[in-house]
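Okay, so here's the structure we're looking at.
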Amino acid sequence: PAPPAPHRHDLGRPPSFEPQGLAELQAQSISAWFARHQVLDRVSLTMPAGQVTALIGPSGCGKSTFLRILNRMHELVPSASMAGEVLLDGQDVYDPARKLTQARRDIGMVFQKPNPFPAMSIRENVLAGLKLTGVRVSSSAKDQLVEESLTKAGLWREVRDRLGALGGGLSGGQQQRLCIARSLAVRPRVLLMDEPCSALDPTSTRVIEETMTELAREVTIVIVTHNMQQAARVSQQCAFFLAAEGAPGVIVEHGDTGSMFGDPQDERTAAYVGGHF
Ligand code: ADP
Ligand code: MG
């Protein structure tokens with residue numbers, strides 16, 4: 001096969017935050033196992049470019065597993081296996097010819113518990129992902145990149161005067177926004193967020209929600225949330241995951257968020273979004 005096209009960051013120019021090729025993420029018939037225990041069964045979902053897709057459903061139905069499969073974190077677990085395909089703009093994310101760092105660079109992830117490098121400065125935290133994913137940026141472009149990433153994450157104004165302060169010294173909500181800035185610094189095409197606000201106060205949650213709406217114009221966003229109001233506020237698409245007793249997780253219903261909440265087609269969806277679960 002032909003070698004993969006060089007990534008735009010390899011061109012020597014600093015990453016620009018101009019919208020540049022929004023990408024659709026497509027999961028096709030994804031099944032997942034831990035050892036012989038199947039946790040997802042043929043889950044298919046299109047996460048449209050430039051939109052926020054919310055994944056909802058009770059604990060244990062495979063939402064986090066699905067998210068990790070989207071950016072190849074699943075394969076880091078020794079007992080884990082999967083079937084199916086993940087396509088980013090039609091390109092196979094699991095193509096053996098594609099480097100893992102490429103997938104990580106294109107598809108960023110933010111977790112429930114903020115995990116900045118506590119002993120690194122705020123600035124170093126933002127830049128940390130560049131090295132990990134092999135993105136080269138000239139030192140003269142770094143200041144701008146730090147400012148842009150922090151601005152996109154809704155944190156710039158709070159930290160602009162203390163970029164040298166330690167990441168670990170920030171509040172929980174600020175740490176989570178720092179993690180978002182770190183993800184954005186490599187200019188991903190997709191940002192996966194696994195319950196990003198579950199551990200945060202309402203004010204930080206609101207700031208992150210506002211940030212998300214802005215971000216979705218240039219980055220495809222997939223968010224797992226247990227907060228139905230949040231799903232309704234931030235997402236345009238929604239997928240309801242469910243695992244029957246002893247069975248793997250499936251998507252019961254998906255579609256545009258307004259319809260899912262306003263006119264659910266499956267009674268299990270209606271019960272869940274109505275809070276009767
Ligand atoms: P959710 O995010 O919807 O709560 P998860 O994807 O975390 O669901 O978990 C789905 C199922 O997979 C659960 O039964 C969970 O116990 C199991 N599981 C998750 N991670 C692992 C792992 N690393 N090893 C074994 N089983 C796991
Ligand atoms: Mg989870």
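The values are calculated or read from the model by the stated rules, or taken from the named source; none is laboratory data. Everything numeric in this text was worked out from a predicted model, so none of it was measured. FYI the Cβ positions are ideal-geometry reconstructions off the backbone, even for glycines, and counts take in every protein chain you see.
Could you tell me which numbered condition residue 220 fails, if it satisfies all but one of (1) hydroxyl-bearing (Ser, Thr, Tyr); (2) at pLDDT 95 or above; (3) surrounded by fewer than 20 Cβ atoms within 10 Å (Cβ to Cβ)?
(3)
If I filter segment 75-87 for residues that are within 16 Å of ligand 2 (Cβ to nearest atom) and either assigned to a loop (DSSP other than H, G, I, E, B) or at positive phi (or both), do I get at least one hit?
Among the residues of segment 75-87, at least one is within 16 Å of ligand 2 (Cβ to nearest atom) and either assigned to a loop (DSSP other than H, G, I, E, B) or at positive phi (or both), which makes the answer yes.
Pick out the one residue from 69, 30 that is in a strand (DSSP E or B), among the aliphatic types (A, V, I, L, M) and more than 9 Å from ligand 1 (Cβ to nearest atom).
Result: 30 is the single residue among 69, 30 that is in a strand (DSSP E or B), among the aliphatic types (A, V, I, L, M) and more than 9 Å from ligand 1 (Cβ to nearest atom).
Inspect segment 45-59 for any residue being modelled with pLDDT under 95 and farther than 30 Å from residue 228 by Cβ and give the result as yes or no.
No: zero hits.
Please work out which residue is modelled with the lowest pLDDT, limiting yourself to segment 160-207 and to residues that are assigned to a helix (DSSP H, G or I) and closer than 16 Å to residue 228 by Cα.
Among residues in segment 160-207 that are assigned to a helix (DSSP H, G or I) and closer than 16 Å to residue 228 by Cα, the one modelled with the lowest pLDDT is 202.
Can residue 113 be described as within 16 Å of ligand 2 (Cβ to nearest atom), closer than 22 Å to residue 200 by Cα and either surrounded by fewer than 20 Cβ atoms within 10 Å (Cβ to Cβ) or touching a residue at least 60 places away in the same chain (Cβ under 8 Å) (or both)?
Yes, satisfied.
What residue, among those in segment 46-66 that are away from ligand 2 (no atom under 13 Å from the Cβ) and part of a loop (DSSP other than H, G, I, E, B), is nearest to residue 273 (Cα to Cα)?
Of everything passing the filter in segment 46-66, 51 is nearest to residue 273 (Cα to Cα).
Quick one: in segment 47-62, of everything that is among the polar types (S, T, N, Q) and more than 6 Å from ligand 1 (Cβ to nearest atom), which residue is surrounded by the most Cβ atoms within 10 Å (Cβ to Cβ)?
Only one residue tops the list, namely 53.
Take residue 72 and tell me if it is surrounded by fewer than 19 Cβ atoms within 10 Å (Cβ to Cβ), of a type in the set (D, E, K, R) and in contact with a Leu (Cβ under 8 Å, 6 or more places away or on another chain).
When the stated conditions are applied, residue 72 passes them.
Listed residues 51, 91; which is out of contact with any strand residue (DSSP E or B) (no Cβ under 7 Å at 6 or more places or on another chain) and polar (S, T, N, Q)?
Only one candidate passes the filter, namely 91.
How many residues, within segment 88-112, are part of a loop (DSSP other than H, G, I, E, B) and either among the hydrophobic types (A, V, I, L, M, F, W, C) or in contact with a helix residue (DSSP H, G or I) (Cβ under 7 Å, 6 or more places away or on another chain) (or both)? Explain how you work it out, then say what you get.
Applying the first criterion (part of a loop (DSSP other than H, G, I, E, B)) to segment 88-112 yields 89-90, 93-99, 111-112.
Within this subset, residues satisfying the condition of being either among the hydrophobic types (A, V, I, L, M, F, W, C) or in contact with a helix residue (DSSP H, G or I) (Cβ under 7 Å, 6 or more places away or on another chain) (or both) are 93, 97, 111.
So the count comes out to 3.
Write out, first by first residue and then by second, each pair whose Cβ atoms fall under 6 Å of each other, whose residues are 6+ apart or on separate chains, and whose first residue, in segment 56-83, is touching a residue at least 24 places away in the same chain (Cβ under 8 Å) and under 23 Å from residue 188 (Cβ atoms) while the second is of a type in the set (D, E, K, R) and within 11 Å of ligand 1 (Cβ to nearest atom).
64/194; 67/194; 74/68
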